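Structure first, commentary second.
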Amino acid sequence: MTNSDAIISIKNLKVALGGVSVLDIPSFLLHEKEIVSLIGPNGSGKSTLLLVLNCLLRPISGAIAYRQEAIVTREELLRYRRRVSMVFQEPLLFDTTVYNNVASGLKIRGVKRNEIRERTMRYLKCFNIEQLANRSARKLSGGESQRVSLARAFAIEPEIIFLDEPFSALDPPTRHALTDDLEKIVRESGITAVMVTHDQSEALRMSDRIAVMNSGKIVQTGNPSMVMNSPVNGFVANFVGMETILEGRVLKDNQGVLLVSVAGKEIDAVGDARVDDAVYCCIRPENVTIDIFDPDDMTSARNVFPGEILDIDSLGPFLRLSLDCTGLPLVAYVTREAFATLHLAEGKNVFASFKATSVHLVRRKR
Amino acid sequence: MDLILEGLIKAFHLFLTLDPEVLGITWLSIKVSGLATFISVIIGVSSGMIVALTRFPGKKFVVSVVNTGMGLPPVVVGLFVTVFLWRNGPLGFLNILYTPTAIIFAQAIIATPIVMGISIAALQNLPNKLRLQILSLGATRVQMVWILIREARLPLMAAVMAGFGGVISEVGASIMVGGNIKGYSRVLTTATVMETGRGNFDVAFAISIILLLLVFLVNYIFTLIQQRERPR
């Protein structure tokens, strides 16, 4: 994609708060109908970036352009703000009825009364809150409040919507129901969206592109599988949940298959590194297979290590096993079924195996 | 005890017979303090808004000054207003010393910091991000200010009540700049002071009770509005 079909483009953006640089983004493009998730640890600048994108926070340098046009004058700023809308972490509802809350953006725009009524009702229905229309916004549950806040933002029918972790304060079932509804509405409306989230499955599920942020910078951006499976550095790998990250050194290159020395062991890996490079081997736990017998002859996996189960954690449908393969720490996911069939338990000796292609190599500084 | 009882009887008598002098004094009190409160609300809410919503060096100092002003002694205000309005004072040309206008002037000065202080607190109590949310809904600056006032309407109403309560029961400034002129600048509080001084305790009691009732009534009305506005 090129610059020309970007709905928003950012160039050399720098933001400082109280003299401290909080955002430094050389370039960022948002394309029409694209859904981008911003992920990253607390304080990495995700929310700040959203505020800047919404023109609610002035950068110290650089600017954002809407369809290649800079936003400079107060009129341009207002016109731009009326094309976008934002949902915050807190619902921030007005002290009036649910109906008036959802209608507020339209009233601000001076939309005709009939149309306000029609659109407000439509979006109340969309978010399943029509029965609350005449209720005071002060008397809503957390989930209901956030639905009102979403309906209020969508009722404007913006070109772009910015979502700043709108579900982070909700309990999991409420959150799921709301994510489902939001996903449906976002897909159906073909809106462009930028969403801050802490929830990886949310990010994977909803977005066309993921941008990982760390200390005010976008460290990686790409489609979700690319970011999840090919993190550009140890930080991203750690953040997106490559549970096992091992430091190693490339010993040999066997026609593309690299032999990496890790904790006194040798791992076969496929990746972009040269002999003698220092690397991180990132192994996703779902790619590690557990067996109670040595699978050496039956598997295509090149890496097989005997080890002991140190710890077992429940992760919903999966169990997360922490293994110690004589000095080599590994993490594996197994289904509850497999767990029961193999009679796994803490302290049990098992064989962990993974393919060379399951090892993602990230070169590291020495 | 007799004194109190007599006072109560007298008060009812004055009330029931609609004594024109008492009615006149009561009406003037309402008018003067009402206008003073109105002026203080206009100035206090708008300046409170500016202080609460903008960032500037010395903001904490300004807020402290305003909060101190909430306890401004009326006699001090009376003294300053008198000096300013004195025949050869800076505002002497206005020729309003010892008029109801002078009382309004003084009372507005007393009420403004009260209204302003409570307004600042009310607006600062709104969630920080509410302003951003309003702007992100496409509001102009004027629309944003209007919505913020609407959101803070309950505490702002408390500001109005506090302002009115402060000035209707204030006596020092009213007597100094109004002069307690019979049938012209005499208000309920100055009349009470005078009648007590003369030993007419019954009349003083009567006027005090009217004053109390008045304050109660105004607060009651505002409270009704506030309660009705409470979330259902």
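The values are calculated or read from the model by the stated rules, or taken from the named source; none is laboratory data. Keep in mind that this is a model prediction, so the values were computed, not measured. Note: ideal-geometry Cβ built from the backbone for every residue, glycine included; neighbour counts use all protein chains shown. Only protein heavy atoms, including side chains, enter the accessible area calculation; ligands, DNA and RNA are left aside. Shrake-Rupley method; radii C 1.70, N 1.55, O 1.52, S 1.80 Å.
Annotations
- Considering (1) open to solvent by 30 Å² or more (accessible area, probe 1.4 Å); (2) without any contact (Cβ under 8 Å) to a residue 12 or more places away in the chain; (3) within 12 Å of another protein chain (Cβ to nearest Cβ), the lone condition that A:Ile108 does not fulfil carries the number (1).
- Members of the range B:4-50 that are open to solvent by less than 20 Å² (accessible area, probe 1.4 Å) and farther than 22 Å from B:Tyr184 by Cα: B:Gly7, B:Ser40, B:Gly44, B:Gly48, B:Met49
- Within the range B:176-185, restricting attention to residues that are among the small types (Gly, Ala, Ser) and open to solvent by less than 10 Å² (accessible area, probe 1.4 Å), the residue that is farthest from the other protein chains (Cβ to nearest Cβ) is B:Ser185.
- Complete set of residues in the range A:85-105 that are within 7 Å of chain B (Cβ to nearest Cβ) and part of a loop (DSSP other than H, G, I, E, B): A:Phe88, A:Glu90, A:Leu92, A:Phe94, A:Asp95
- Matching residues, the range B:121-161, being β-branched (Val, Ile, Thr) and farther than 23 Å from A:Leu57 by Cα: B:Val160
- Residues within the range A:277-335 that are modelled with pLDDT under 85, closer than 17 Å to A:Lys355 by Cβ and of a type in the set (Ser, Thr, Tyr), tallied: 2
- Residue that is farthest from A:Ser358 (Cα to Cα), among those in the range A:262-276 that are aliphatic (A, V, I, L, M) and at pLDDT 85 or above: A:Val275
- Unmet criterion (only one of (1) away from chain B (no Cβ under 14 Å); (2) open to solvent by 40 Å² or more (accessible area, probe 1.4 Å)) for A:Ile10: (2)
- Scanning the range A:61-84 for residues that are closer than 19 Å to A:His31 by Cβ, in a loop (DSSP other than H, G, I, E, B) and at the interface with chain B (Cβ under 9 Å from one of its Cβ atoms) yields one hit, A:Arg83.
- Count - residues of the range A:312-366 that are among the polar types (S, T, N, Q), within 24 Å of the chain's Cα centre (by Cα) and assigned to a strand (DSSP E or B): 1
- Any hit, the range A:95-102, residues being of a type in the set (Val, Ile, Thr), open to solvent by 10 Å² or more (accessible area, probe 1.4 Å) and within 23 Å of A:Val196 (Cβ to Cβ): no
- Number of the exception - B:Leu214 against (1) touching a residue at least 60 places away in the same chain (Cβ under 8 Å); (2) buried (at least 19 other Cβ atoms within 10 Å of the Cβ); (3) in a helix (DSSP H, G or I): (2)
- Those residues of the range A:270-288 which are crowded, with 19+ Cβ neighbours inside 10 Å and over 20 Å from A:Gly256 (Cβ atoms), in sequence order: A:Arg284, A:Pro285, A:Val288
- Just one of the numbered conditions (1) modelled with pLDDT of 85 or more; (2) part of a helix (DSSP H, G or I); (3) open to solvent by 70 Å² or more (accessible area, probe 1.4 Å) is not true of A:Arg249: (2).
- A:Ala332 vs. criteria open to solvent by less than 60 Å² (accessible area, probe 1.4 Å) and in contact with a Pro (Cβ under 8 Å, 6 or more places away or on another chain): yes
- Options B:Ala191, B:Ala173: the member that is out of contact with any Ser or Thr (no Cβ under 8 Å at 6 or more places or on another chain) and either among the β-branched types (Val, Ile, Thr) or under 20 Å from B:Ser40 (Cα atoms) (or both): B:Ala173
- Selected residue (only one of B:Phe105, B:Phe38 is free of Cβ contacts under 8 Å to residues at least 24 places away in the same chain and within 13 Å of the chain's Cα centre (by Cα)): B:Phe38
- Count of the range A:32-55 residues which are among the polar types (S, T, N, Q), under 21 Å from A:Glu183 (Cα atoms) and open to solvent by 10 Å² or more (accessible area, probe 1.4 Å): 1
- Among the conditions (1) within 14 Å of chain B (Cβ to nearest Cβ); (2) under 24 Å from the mean Cα position of the chain (by Cα); (3) surrounded by fewer than 22 Cβ atoms within 10 Å (Cβ to Cβ), A:Arg58 misses just one, which is (2).
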